[in-house]
Amino acid sequence: MASQDEGWIKTTCAYCGVGCGIEARPKLSGELEIRGDKAHPSNYGKLCTKGIALGETVIHDGRMLSPTLKTEQGDVTISWDEATAKVAEGFTRTLREHGPESVAFYVSGQLLTEDYYVANKLIKGFMGSANIDSNSRLCMASSVVGHKRAFGSDTVPICYEDLEQAEMVVIVGSNLAWCHPVLFQRLRTAKQSNPALNIVVIDPRRTDTCDIANTHLALASGSDVALFNGLLAHLAEHNALDNDFIASHTTGFDDALSKAQDQAAQSQTDIEHITQLSTAQLNDFYHAFANTERVVTVYSQGVNQSSSGSDKVNAILNCHLASGKIGKPGSGPFSVTGQPNAMGGREVGALANTLTAHMEFDEPEHLRLVSEFWDTDNLAQKPGLKAIEMFDAIDSGKIKAVWIMATNPMVSLPNSEKIKSALTKCPLVVVSDCIAETETTRLADIVLPAQGWSEKSGTVTNSERRISRQRRILPSPGQAKPDWWIVSQVAKKMGYANAFDYQHEGEIFREYTHLTCVGNEQGQRDLNLIGLTHLNDQGYSRLTPQQWPVSQLQAQPVTQRLFGDGRFYTPDERARFIGVSFTAPIAKTDIQTPLILNSGRSRDHWHTMSRTGLSAKLAEHASEPYVQIHPKTAAQFSIKDNQLAWVTNPQGCTLVRANVTTDVSPQQLFMPIHWNETTAKNSKPCTLIANTTDAISGQPEFKHSSVSISPFISKSCAIFISNKTMSLSKTDSNIDYWVRQKVPQGYLYRIESSVSVSQLISELTPYLETQNHRQLSNESRKDGARWITLDKEHVTQLLFIQDRFKNSEIATMIEAFNQPLTLLEANEIVHDLSVDNDLFVSV
Ligand code: SF4
């Protein structure tokens with residue numbers, strides 16, 4: 001749909017759960033012009049660096065172009081008809097021989113709602129298995145459990161506007177400034193116009209989010225339940241309960257309070273000890289929460305990614321229920337979602353333990369309604385395996401056929417070695433993805449090319465329950481197809497043609513909206529899209545953002561919050577307090593692994609970098625994997641700032657650049673999650689994360705792994721810039737470390753090794769282009785060697801090897817790369833760069 005300005009097409013950002021509205025317009029170069037959509041009520045025209053750079057990432061580098069059979073003899077390109085027939089035949093045979101427990105889908109918050117819907121319908125509705133889980137399990141599952149336990153439904157009650165209407169905003173376990181930047185911008189603007197707005201950041205680490213905070217509470221990792229139990233006890237002790245609300249709209253308060261008071265003991269000593277916060281810090285926070293009417297608590301992965309994540313969520317919800325700070329403007333708990341469509345997946349039911357459309361397996365009536373609606377007699381009757389359990393079952397041979405869609409579990413799930421073992425053994429691994437070469441596609445039997453952002457069309461739901469259209473703007477390369485189409489083709493070939501005879505994504509959306517209304521005539525469920533059930537194709541095409549529940553089509557953006565009437569989605573319509581007690585994180589430090597590793601995101605990268613890794617601009621912010629380490633700890637372990645260091649535990653090891661900073665406490669390290677074997681060597685943090693999960697939500701404990709650290713002794717370095725990506729990961733290589741960074745017109749590799757400069761020269765020169773290229777090599781220097789490879793008048797490769805580099809030298813090389821150069825100019829570059837004692841990178 002074109003906006004008023006000719007050529008601009010309204011769509012939604014591909015990254016985080018803020019779900020910003022974007023306007024995009026194709027450029028002659030094949031890239032896109034991008035600007036914020038001023039009419040979108042979630043961002044009002046604002047975008048962060050990732051959103052702005054989306055236009056650079058639509059290039060086709062690395063795209064998967066055709067369905068391919070991976071055989072021992074090599075890759076064989078096949079037609080869509082053959083590919084979908086093979087997938088259908090593989091799943092049909094597995095079901096026939098081993099039953100519904102033997103198949104699984106592992107899907108992604110990158111999928112659109114329509115894609116999710118058909119995948120969920122196929123496996124739960126027709127294959128009879130609920131073994132479908134989304135990578136949202138890694139970021140949201142504990143919030144889903146917390147919501148369902150307290151509210152009877154997976155409901156985020158608030159809207160973004162509440163951040164601006166609050167008097168106090170508590171941010172727990174979230175680096176909002178980097179992970180949800182536009183929400184952070186809205187909050188910063190709110191603080192500028194209302195300096196009295198009290199912002200409290202609760203995070204073991206000092207992050208950029210603290211820049212706008214009145215207070216930063218650097219609590220001990222994993223101690224949130226104790227902190228919020230202390231708050232609940234304080235509310236009761238200081239007459240700050242909303243007794244009317246508790247009496248009229250909730251159950252279970254006495255048990256929750258009693259557990260909280262046990263925790264609080266008499267004098268808070270226990271809580272001080274557990275949280276490592278002082279009495280004054282605790283009292284100030286508790287007093288402010290108790291005495292402020294409008295409080296929003298924003299929370300994210302620091303709460304969810306924990307072995308006690310579900311209890312942490314309920315500890316927060318208990319405090320909001322007890323003080324009546326819910327369902328009112330400027331008040332409420334606010335779980336911010338990580339991925340662009342994690343919410344859409346939760347809505348259609350792409351988690352193993354939910355049925356669909358906020359209906360549940362433990363409700364016989366829901367099973368009946370869904371069976372009838374889908375016209376199937378083979379609906380799964382019980383929950384399936386959650387992500388970690390699913391890959392354990394693949395590893396043990398129980399699951400024999402898996403289809404992985406739009407995600408890279410080899411990089412994103414904990415304990416990569418175990419995932420590799422599972423996928424290597426599995427008789428049928430199907431992967432549909434945009435990217436050809438990922439650690440997961442390498443282990444597939446069949447790969448299927450899917451459309452990417454800017455090519456696909458459908459809907460996504462953001463963190464404030466707002467459904468927005470993602471629109472097709474550019475043609476797809478090769479034979480890439482929409483995920484819903486791929487799944488439907490397979491479903492038809494499995495014999496379910498009637499149920500999957502979709503012509504376009506609008507038909508799927510319409511069916512889904514009708515499903516949200518089935519058995520929901522009296523408002524039994526929160527998710528109700530009745531106002532969208534009459535959309536025709538044109539209406540779907542032109543759909544503007546809609547915030548659910550949608551009782552009638554919202555011609556103008558609306559702002560609604562739930563639970564304002566004190567009615568919840570439990571059988572007695574009362575919210576439930578959940579009594580929770582602090583339990584320590586599972587990983588313990590010891591002599592071998594004396595430090596705690598926290599993991600998270602860097603500002604300008606997303607997940608496994610398959611998209612952000614294509615933007616030279618985004619790569620500038622953090623060009624290498626790094627570990628934050630406190631100066632005292634660095635001294636103790638002989639680590640210097642900017643030096644490479646091994647972070648290890650019995651499960652694995654990673655080699656990353658040390659960033660010595662007081663932002664982390666002496667006991668803690670922090671590492672971003674993005675790098676992997678496609679973009680670096682020896683630098684994949686998930687190798688260190690244990691399989692330990694929250695017992696109820698199944699969400700892995702990404703924030704608390706025990707590790708050690710030691711310095712890497714580097715003897716030689718290289719900077720290698722090439723106009724193509726290179727495969728440097730030979731197992732016998734003397735290259736201990738390399739990392740790839742996108743630069744204009746090519747890719748820069750930073751390389752370090754424990755071998756001498758001369759040995760590294762022998763290792764790297766075979767990668768220099770020789771055919772139809774001229775090579776310039778300056779005189780042999782005892783401290784290194786340099787090459788420039790020219791193709792006509794363009795530099796196609798630069799290789800400099802020496803013992804270390806300055807940042808300024810690297811910048812000069814990037815600038816020189818692929819510029820038209822005379823031989824003389826090229827030689828000048830070779831000679832001009834000098835060496836001094838600085839290491840070559842800063843993070
Ligand atoms: Fe995209 Fe999130 Fe940035 Fe908005 S805040 S532009 S949704 S990455």
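The values are calculated or read from the model by the stated rules, or taken from the named source; none is laboratory data. What you are looking at is a predicted structure, and each value in this text was computed from that prediction instead of being measured. Because the Cβ atoms are built from the backbone with ideal geometry, glycine has one as well, and the counts that use them run over all protein chains shown.
For beta carbons closer than 6 Å, sequence separation of 6+ or different chains, a first residue in the stretch 173-199 that is within 21 Å of residue 289 (Cα to Cα) and without any contact (Cβ under 8 Å) to a residue 24 or more places away in the chain and a second that is in a loop (DSSP other than H, G, I, E, B) and away from the ligand (no atom under 16 Å from the Cβ), the qualifying pairs are 191/197.
With respect to the stated conditions, residue 88 fails to be assigned to a helix (DSSP H, G or I), among the aliphatic types (A, V, I, L, M) and within 16 Å of the ligand (Cβ to nearest atom).
In this structure, does residue 508 turn out to be within 27 Å of the chain's Cα centre (by Cα) and surrounded by 15 or more Cβ atoms within 10 Å (Cβ to Cβ)? Full working, then the answer.
Details: within 27 Å of the chain's Cα centre (by Cα): yes; surrounded by 15 or more Cβ atoms within 10 Å (Cβ to Cβ): yes.
So residue 508 passes the test.
Checking every residue in the stretch 156-170 against the condition of being farther than 21 Å from residue 41 by Cα and surrounded by fewer than 24 Cβ atoms within 10 Å (Cβ to Cβ) gives at least one match.
Select, from 510, 525, 472, the only residue that is of a type in the set (Lys, Arg), free of Cβ contacts under 8 Å to residues at least 40 places away in the same chain, more than 16 Å from the ligand (Cβ to nearest atom) and in a loop (DSSP other than H, G, I, E, B). Explain how you work it out, then say what you get.
Working: 510 fails: in a loop (DSSP other than H, G, I, E, B); 525 fails: free of Cβ contacts under 8 Å to residues at least 40 places away in the same chain.
Unique residue meeting the criteria: 472.
Which residue is surrounded by the most Cβ atoms within 10 Å (Cβ to Cβ), if the candidates are limited to the stretch 2-25 and must be more than 15 Å from the ligand (Cβ to nearest atom) and assigned to a loop (DSSP other than H, G, I, E, B)?
Step one: list which residues in the stretch 2-25 are more than 15 Å from the ligand (Cβ to nearest atom), which gives 2-9, 25.
From the residues that got through so far, the ones that are assigned to a loop (DSSP other than H, G, I, E, B) too are 3-8.
Details: 3: 14, 4: 6, 5: 9, 6: 7, 7: 11, 8: 19.
Result: 8.
Taken together, the residues in the stretch 309-353 that are surrounded by fewer than 24 Cβ atoms within 10 Å (Cβ to Cβ) and touching an Asp or Glu at 6+ places or on another chain (Cβ under 7 Å) amount to 4. Considering the conditions (1) assigned to a loop (DSSP other than H, G, I, E, B); (2) exposed (fewer than 13 other Cβ atoms within 10 Å of the Cβ), residue 538 is excluded by exactly one of them, (1).
Looking at the stretch 478-505, which of the residues that are surrounded by fewer than 18 Cβ atoms within 10 Å (Cβ to Cβ) and out of contact with any helix residue (DSSP H, G or I) (no Cβ under 6 Å at 6 or more places or on another chain) is farthest from residue 64 (Cα to Cα)? Lay out the reasoning, then the answer.
Here is the first cut: in the stretch 478-505, the ones surrounded by fewer than 18 Cβ atoms within 10 Å (Cβ to Cβ) are 478-479, 492, 495, 497-498, 501, 503-504.
This time we only want the ones that are out of contact with any helix residue (DSSP H, G or I) (no Cβ under 6 Å at 6 or more places or on another chain), so: 478-479, 495, 497-498, 501, 503-504.
Values: 478: 8, 479: 9, 495: 28, 497: 27, 498: 30, 501: 26, 503: 24, 504: 23 Å.
Across the stretch 478-505, the extreme among qualifying residues is 498.
If I ask for residues that are outside any loop (DSSP other than H, G, I, E, B), more than 16 Å from the ligand (Cβ to nearest atom) and not aliphatic (A, V, I, L, M), which ones from the stretch 589-635 would you list? Matches in the stretch 589-635: 598, 599, 626, 628, 631, 632, 633.
Which of the following residues is of a type outside the set (A, V, I, L, M, F, W, C) and in contact with a helix residue (DSSP H, G or I) (Cβ under 8 Å, 6 or more places away or on another chain): 522, 547, 560, 554? Just one listed residue meets the conditions, 554.
Answer yes or no as to whether residue 562 is touching a residue at least 60 places away in the same chain (Cβ under 8 Å), more than 30 Å from residue 685 (Cα to Cα), in a loop (DSSP other than H, G, I, E, B) and not assigned by the TED database to the domain that holds residue 701.
Details: touching a residue at least 60 places away in the same chain (Cβ under 8 Å): yes; more than 30 Å from residue 685 (Cα to Cα): yes; in a loop (DSSP other than H, G, I, E, B): yes; not assigned by the TED database to the domain that holds residue 701: yes.
Yes, satisfied.
Kindly provide the set of residues from the stretch 13-45 that are touching a residue at least 12 places away in the same chain (Cβ under 8 Å) and among the charged types (D, E, K, R), ordered by number. Within the stretch 13-45, 23, 25, 27, 31, 33, 35, 37 qualify.
Got a sec? Which strands (runs of 3 or more DSSP E) wholly within the stretch 670-755 have at least 1 residues that are over 17 Å from residue 658 (Cβ atoms), aromatic (Phe, Trp, Tyr) and over 29 Å from the mean Cα position of the chain (by Cα)? It would help to see each step written out before you state the result.
Details: elements: 705-711, 716-722, 737-743, 746-753.
Those strands (runs of 3 or more DSSP E) span 716-722.
Residue 790 satisfies every condition listed in (1) modelled with pLDDT under 65; (2) aliphatic (A, V, I, L, M); (3) more than 29 Å from residue 657 (Cβ to Cβ) except (1).
When the stretch 390-430 is limited to residues that are at pLDDT 95 or above and in a loop (DSSP other than H, G, I, E, B), the one that is surrounded by the fewest Cβ atoms within 10 Å (Cβ to Cβ) turns out to be 397.
Among the residues examined, residue 654 qualifies as farther than 25 Å from residue 61 by Cα and either crowded, with 24+ Cβ neighbours inside 10 Å or not hydrophobic (A, V, I, L, M, F, W, C) (or both).
Does residue 106 qualify as being within 30 Å of residue 353 (Cβ to Cβ), outside any helix (DSSP H, G or I), among the hydroxyl-bearing types (Ser, Thr, Tyr) and at pLDDT 95 or above? In short, yes.
Evaluate the stretch 297-307: report whether one residue or more is surrounded by fewer than 19 Cβ atoms within 10 Å (Cβ to Cβ), outside the structural domain of residue 667 (by the TED database) and modelled with pLDDT of 95 or more. So that I can check it myself, show each step before the final result.
Quick first cut of the stretch 297-307, residues surrounded by fewer than 19 Cβ atoms within 10 Å (Cβ to Cβ) only: none.
No: the stretch 297-307 contains no residue that is surrounded by fewer than 19 Cβ atoms within 10 Å (Cβ to Cβ), outside the structural domain of residue 667 (by the TED database) and modelled with pLDDT of 95 or more.
Considering the stretch 431-460, and only residues there that are modelled with pLDDT under 95 and within 16 Å of the ligand (Cβ to nearest atom), the residue that is farthest from residue 421 (Cα to Cα) turns out to be 454.
Going by the structure shown, is residue 619 in contact (Cβ under 8 Å) with a residue 40 or more places away in the chain, within 23 Å of the chain's Cα centre (by Cα) and outside the structural domain of residue 180 (by the TED database)? For residue 619, the condition - in contact (Cβ under 8 Å) with a residue 40 or more places away in the chain, within 23 Å of the chain's Cα centre (by Cα) and outside the structural domain of residue 180 (by the TED database) - is met.
Within the stretch 96-104, is even one residue touching a helix residue (DSSP H, G or I) at 6+ places or on another chain (Cβ under 7 Å), more than 16 Å from the ligand (Cβ to nearest atom) and not assigned by the TED database to the domain that holds residue 468? Talk me through it step by step, then tell me what you get.
Of all residues in the stretch 96-104, those touching a helix residue (DSSP H, G or I) at 6+ places or on another chain (Cβ under 7 Å) come to 102-104.
From what's left, more than 16 Å from the ligand (Cβ to nearest atom): 102-104.
Next, from what is left, pick out any that are not assigned by the TED database to the domain that holds residue 468: none.
Scanning the stretch 96-104, I find no residue that is touching a helix residue (DSSP H, G or I) at 6+ places or on another chain (Cβ under 7 Å), more than 16 Å from the ligand (Cβ to nearest atom) and not assigned by the TED database to the domain that holds residue 468, so the answer is no.
For residue 77, the test of being surrounded by fewer than 24 Cβ atoms within 10 Å (Cβ to Cβ) and not assigned by the TED database to the domain that holds residue 411 is failed.
Residues in the stretch 636-652: is at least one over 20 Å from the mean Cα position of the chain (by Cα), of a type in the set (Phe, Trp, Tyr) and assigned to a loop (DSSP other than H, G, I, E, B)?
Pass one, the stretch 636-652, residues over 20 Å from the mean Cα position of the chain (by Cα): 636-652.
Filter once more, keeping what is of a type in the set (Phe, Trp, Tyr): 637, 646.
Narrowing further to those that are assigned to a loop (DSSP other than H, G, I, E, B): 637.
The answer is yes; a qualifying residue exists.
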